[in-house]
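Single-structure report; data block below.
Values quoted throughout were computed directly from the atomic coordinates according to the rules given, and no laboratory measurement underlies them. Owing to the predicted nature of the structure, the values given are computational and were not obtained by experimental measurement. Because the Cβ atoms are built from the backbone with ideal geometry, glycine has one as well, and the counts that use them run over all protein chains shown.
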């Protein structure tokens with residue numbers, strides 16, 4: 001056969017798309033150039049989610065997120081368990097056979113279920129912060145290579161949080177012509193838990209570049225510059241040691257999306273870029289060929305750099321910042337875009353960066369407002385009013401009636417200023433009454449009472465001041481009640497309720513800080529009957545939205561407050577694992593044998609021995625299985641925020657093998673309150689509160705039941721789902737993040753029905769008991785600190801495992817060499833012997849029949865055969881094995897999932913016939929049958945000379961041989 005490349009076969013498949021889709025996905029319908037069908041790999045009941053583009057070959061299941069770019073990948077998804085090589089060969093062979101029948105395109109009038117599906121990009125969510133080691137792999141990532149596109153790398157800016165943990169990266173690439181492009185990169189994960197680098201920003205608001213330096217130097221003034229390069233150059237100069245330099249992401253237009261809160265209350269200086277942009281040409285001027293450089297410069301306030309800094313200044317003014325700005329000249333004086341980095345680069349020829357930041361050189365902001373709107377002081381306004389007495393009028397009456405003279409006013413200026421400032425700031429007139437309320441204490445005062453405190457002159461001036469505060473009587477009543485409650489809160493915290501309880505907004509519950517759990521408001525009232533009502537009305541009461549009551553191992557544990565400590569940001573029920581461990585000072589290389597790592601941790605050898613014992617019943621795979629399970633535990637312990645996609649299943653017909661010991665003695669100590677042991681009732685119950693806020697759940701003695709097939713679907717979803725609906729008696733269900741992982745202990749292989757393509761269950765068999773001596777040694781080790789040693793061991797594992805074996809020929813010496821791979825929480829389970837047995841127990845009848853045929857258990861060659869012959873053999877097999885027989889139509893449809901099902905002309909024993917046949921790919925045959933039936937060397941069905949092998953002969957010889965072999969036990973087949 002002519003050697004084909006992947007693209008040639010993919011293009012040829014696209015030309016025959018209608019025929020191939022009719023064979024692979026019978027019953028599908030068309031909507032334009034889109035082909036919609038039911039997904040046979042899942043319980044798909046309605047068209048709309050699974051679609052194939054017949055123009056490009058791209059396909060997707062919008063319900064699961066599975067997708068591919070060509071028809072070969074579609075075949076791999078449907079028939080070869082994702083193996084692209086097998087799919088390539090199968091599709092190529094089918095195309096080589098040809099003989100496609102006309103396909104009637106049936107139009108579909110339904111609505112695709114893809115409209116609400118997020119794009120592939122939108123499904124990736126930034127992870128902030130992320131592990132430092134991820135930065136080492138950015139340059140080798142696919143997103144980075146795609147963005148770089150062969151360009152030269154420039155500066156790289158790593159954005160970090162206040163603790164120095166990385167948040168995102170901005171990478172500059174240099175264009176061939178000298179231009180520059182800045183690309184943001186974030187470490188992201190998708191709905192399936194896969195993590196990778198993506199070319200995108202983190203979620204708004206965007207972090208500032210320099211948060212770590214801000215946190216490290218809270219007393220230093222802050223210099224805000226535009227662009228990561230400016231900050232990096234300023235820091236690298238070594239001349240600005242008395243400053244914290246920060247910038248933001250996105251250039252002059254990105255400042256609005258930045259989070260400026262970390263600068264609150266700081267002394268800030270802004271250094272704008274000195275831009276020199278001109279007014280744009282009108283359409284008429286452009287058509288007339290006017291030189292753009294003849295247009296005047298935009299005003300300084302309209303230049304992008306200055307305009308951005310002005311907007312930032314206004315923002316910072318609202319955060320109680322002291323804001324000043326570096327003086328830059330008018331547009332056109334300096335080169336366009338000249339910034340602090342240029343000033344350092346040219347050695348200060350235009351401006352000395354250090355001198356420009358001297359106090360005397362900086363401009364207060366807003367300088368224009370300060371010059372344009374001069375205000376008289378209170379004393380000056382009083383003098384002007386009083387001095388008007390020389391010319392008569394109100395001023396004279398006021399001075400004469402109150403007996404004030406210029407010299408007296410001069411002596412009491414400071415005192416009057418202080419009294420008036422107090423009145424203007426802290427008092428409000430109530431309606432039209434000569435009465436005021438103290439806005440701090442809630443006390444009310446008549447005018448006469450106020451005069452005794454502030455003097456007649458100050459009170460009279462206040463009641464006549466247009467700047468005094470006023471409020472309606474009902475507002476005053478509200479203010480008085482609020483201040484009273486605040487005073488009670490400050491006096492005794494309502495009996496301590498302010499510090500103890502946090503109301504969960506949207507519920508009738510509160511979080512009890514002392515107990516560390518949710519309690520009802522009825523329970524709160526029972527505990528504090530006298531104070532509860534005032535606590536519920538108080539503005540000082542702590543409140544947290546129910547949506548912010550979370551279990552998130554990636555967030556800071558416990559209760560988190562806003563920067564000012566007044567409001568609750570979230571309540572995180574994850575408080576950290578009871579056993580603490582960190583990465584060792586010296587990591588083991590990835591190729592280090594497990595035995596060497598175990599030897600370095602002798603204080604936990606019996607704990608490791610227990611796991612080896614539990615994995616030791618898997619034959620030659622026992623060592624690989626042990627390593628896999630240890631890696632699974634290491635990922636679970638090291639990354640509680642990353643949910644494993646696989647559950648561990650331990651099967652043993654013998655009692656006392658040590659399964660419960662693993663849970664009670666090891667896992668419970670490692671995970672503390674986040675470990676729970678449940679039975680089958682918990683799995684089958686609709687009330688699932690025990691699953692909330694868990695990292696490890698052990699199911700003890702799971703056994704088959706009438707409900708297991710319904711329960712197993714629920715269990716599978718629990719293994720992989722990122723969220724869980726928690727339902728309690730008498731409570732509405734609520735959705736929470738789910739980081740739970742599962743271990744199943746059972747004595748029955750039928751406890752869990754496992755499918756052939758299962759990826760959720762890692763199954764181990766245990767054959768020997770865990771002896772009393774082993775148990776005593778284990779307990780002694782745990783008492784001596786073995787759990788801590790085991791935690792350190794888990795952190796030391798380089799997370800490598802044996803994914804399989806490949807043949808290696810060393811000069812005629814054939815040996816199987818292990819294939820090593822990196823272990824992640826989403827690593828697929830190994831095909832252990834007991835798992836294969838459990839899969840066999842769950843196979844449908846036709847699958848068991850097909851596997852027996854393929855493995856030679858039927859005594860028949862695994863070659864192409866007539867459909868009727870295979871049906872007869874299947875019927876005989878069902879009778880022999882006491883298996884329920886499906887209908888012939890369903891049997892043919894089922895076999896067609898594995899083999900090509902076509903009607904074609906063949907030559908059997910020299911006679912031409914038209915038969916329905918099932919084609920076994922040549923590569924699937926045994927070596928002996930491959931030699932016995934050479935592949936066709938012509939594309940013709942019948943034509944060819946004596947030296948050619950056409951398709952009719954190729955298939956006919958196999959059909960005849962199968963018929964002859966089957967006729968030994970089924971004589972009636974001789975009438976083929």
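Projecting label points 7 angstrom from Cα along Cα→Cβ for residue 96 and residue 972 puts them 3.7 nm apart.
Label-to-label distance, residue 291 versus residue 355, with points set 7 angstrom from Cα along the beta-carbon direction: 3.4 nm.
Is the shape of region 594-822 rounded, prolate or oblate, going by the alpha carbon gyration tensor and its root eigenvalues a ≥ b ≥ c, with a/c under 1.5 for rounded and a/b larger than b/c for prolate?
Values: a/c = 1.65, a/b = 1.37, b/c = 1.20.
Note, shape of region 594-822 comes out prolate.
Prolate is the label for region 6-97, because the ratio a/c of its alpha-carbon gyration tensor axes (a ≥ b ≥ c) is 1.5 or higher and a/b is greater than b/c. Between the Cα long axis of helix 378-387 and the first principal axis of the chain there is an angle of about 30°, rounded to the nearest 10. Against the main long axis of the alpha-carbon atoms of the chain, helix 867-881 sits at an angle near 90°. Less than 18 Å from a label point 7 Å out along the Cα-to-Cβ axis of residue 554: which backbone N atoms in region 138-176 qualify, by residue? Answer for this model: 138, 159-169. Counted over the chain, the DSSP beta bridges are approximately 65% antiparallel. In terms of the mean number of neighbouring beta-carbon atoms within 10 Å, the peptides 690-700, 526-536 order highest first as 690-700, 526-536.
The calculated FRET efficiency for the pair residue 964 and residue 750, based on their C-beta separation and a Förster distance of 35 Å, comes to about 0.35.
Computed over all pairs of different Cα atoms, the Kirkwood value for the hydrodynamic radius of region 275-373 is 15.7 Å. Across all directions, the shadow cast by the convex hull of region 772-850 built on its C-alpha atoms averages 10.7 square nanometres.
Which shape class applies to region 125-370: rounded if a/c is under 1.5, otherwise prolate when a/b exceeds b/c and oblate if not, where a ≥ b ≥ c are the square roots of the Cα gyration tensor eigenvalues? In terms of gyration-tensor shape, oblate. Kirkwood radius and radius of gyration were both taken over the C-alpha atoms of region 838-946, and their ratio Rg/Rh is 1.00. In degrees between 0 and 90, to the nearest 10, how far off the longest principal axis of the chain does helix 228-237 point, with axes built from Cα atoms? Approximately 70 degrees, to the nearest 10.
Overall size of the chain from C-alpha positions, given as principal axis extents largest first: 137, 86, 60 Å.
For the chain, relative contact order (Cα pairs under 8 Å, six or more residues apart, normalised by length) works out to 6 percent. With only Cα atoms counted, region 45-114 has Rg and Dmax values of 13.7, 36 Å.
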